[in-house]
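Structure first, commentary second.
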Amino acid sequence: MKYIGIDGCKAGWLAWIVSDSEVPEFKVVNTLDELVDDLTEATTLIDMPIGFSDSLTPDRLCDKAARRFLTSKRSSSVFPVPCREAVYQTDYVAACSANVEQLDKKFSKQTWGIVPKIRELDELIETHPNLSIRESHPEVVFAALKGEPLTFSKRTQEGKEERLSIIQQLAPQWCDGLSLAISNTKRKDVAIDDIYDAFVLMLVAYNAPQLSTLPEPSDVGGKADIDQNGRVREIVYWDKTR
């Protein structure tokens, strides 16, 4: 069994992979298709939206719950997810028009910048429905591990040190691998926070006896919140108090 954490990066995708009997390894790939062999028979957490917003739920319940979870400190790290029709447009203007038609709102150029990755993940799930890939969010994961939202932005040196400190408490035996990944990648391809984010998702996939979800099942009638194409809208994390 493999446990994988994936984050988007400038070069494409960064994946941390570990099995029960090995130390973690990292891969930087251009497309998710390059990871299919690893993703088979794996538990995978990815920092990318899976279920879409729609006219009935213009702001996904998991995103609202994540913002509440992170409070005002880090809630801005959870961005609104476009509708499916917008994600499959080929230019920003057309995508915004589709989003306005479905959700009555546009979305930012920053969000448009990751739309190709959202679409790529959706296509992977469509063509490989048996893969176990669940959406997570590093800010939620780090906050749950610390017991409160983080103090500093991941872009700052203080933020990097804050996140590394949490990882070191959880897996001190594997932290040499983080240094190796940082030294063996170029910052124009992979940011240091990408490395930490993917790593902590892998750690949660590996360590958590059970994953908690946002929203809580009780908040959606005890059932999964599913979009119009059958994608589960959730953000998973490890609640160590349970």
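Hey, could you grab the Kirkwood Rh for region 58-187? Inverse mean 1/r over distinct alpha carbon pairs, Å, one decimal. By the Kirkwood definition, the hydrodynamic radius is 17.2 Å.
Of the residues Ser75, Ser97, Leu39, the one whose Cα sits farthest towards the positive end of the charge dipole of region 1-140 is Ser75 (charges of +1 on Lys and Arg Cβ, -1 on Asp and Glu Cβ, taken about the Cα centre).
Taking the Cα centre of the chain as origin, sum charge times position over the Cβ atoms of Lys and Arg (+1) and Asp and Glu (-1), and report the length of that vector in debye to the nearest 20. Walk me through the numbers on the way to the answer.
Numbers: 29 positive and 38 negative charges, 170 e Å.
My answer is approximately 820 debye.
Within a straight-line Cα-Cα reach of under 19 Å, Lys105 can be paired with the following aspartates and glutamates, leaving aside sequence neighbours fewer than 8 residues apart in one chain: Asp54, Asp59, Asp63, Glu85, Asp91, Asp227.
Taking a straight line from the alpha carbon of Lys109, these lysines sit under 22 Å away, with near neighbours fewer than eight places off in the same chain left out: Lys10, Lys64, Lys117, Lys154, Lys188.
Pairwise inverse Cα distances across the chain, averaged and inverted, put the Kirkwood hydrodynamic radius at 18.2 Å. Positive-end ranking of Val115, Val140, Gly177 along the dipole of the chain, with charges on Cβ about the Cα centre, is headed by Val140.
Could you grab the relative contact order for region 67-152? Cα pairs under 8 Å, six or more apart, rounded to a whole percent. Don't skip to the answer; put the middle values down first.
On the way: 65 pairs, mean separation 27.6, N = 86.
After rounding, I find 32 percent.
Extension gain for Val232 to Thr40 (0.36 nm times residue separation, less C-alpha to C-alpha distance): 67.2 nm.
Annotation note: trypsin sites (Lys or Arg not before Pro) in region 106-157 located in DSSP loop regions with a Cβ neighbour count of at most 15 within 10 Å are Arg155.
What is region 187-239 by shape, rounded, prolate or oblate, if you read a ≥ b ≥ c off the alpha carbon gyration tensor as root eigenvalues and call it rounded for a/c under 1.5, prolate for a/b larger than b/c, and oblate otherwise? Mind showing how you got there, number by number?
Working: a/c = 3.45, a/b = 1.77, b/c = 1.95.
The shape class here is oblate.
Peptides 158-171, 188-201 ranked from most to least packed give 188-201, 158-171, packing being the mean of other C-beta atoms within 10 angstrom over each peptide's residues.
Read-outs: derived from the displayed coordinates by stated rules, not from any lab. None of the values given here were measured: they were computed from a predicted structure. As a convention, Cβ positions derive from the backbone with ideal geometry for all residues, glycine included, and neighbour counts pool all protein chains shown.
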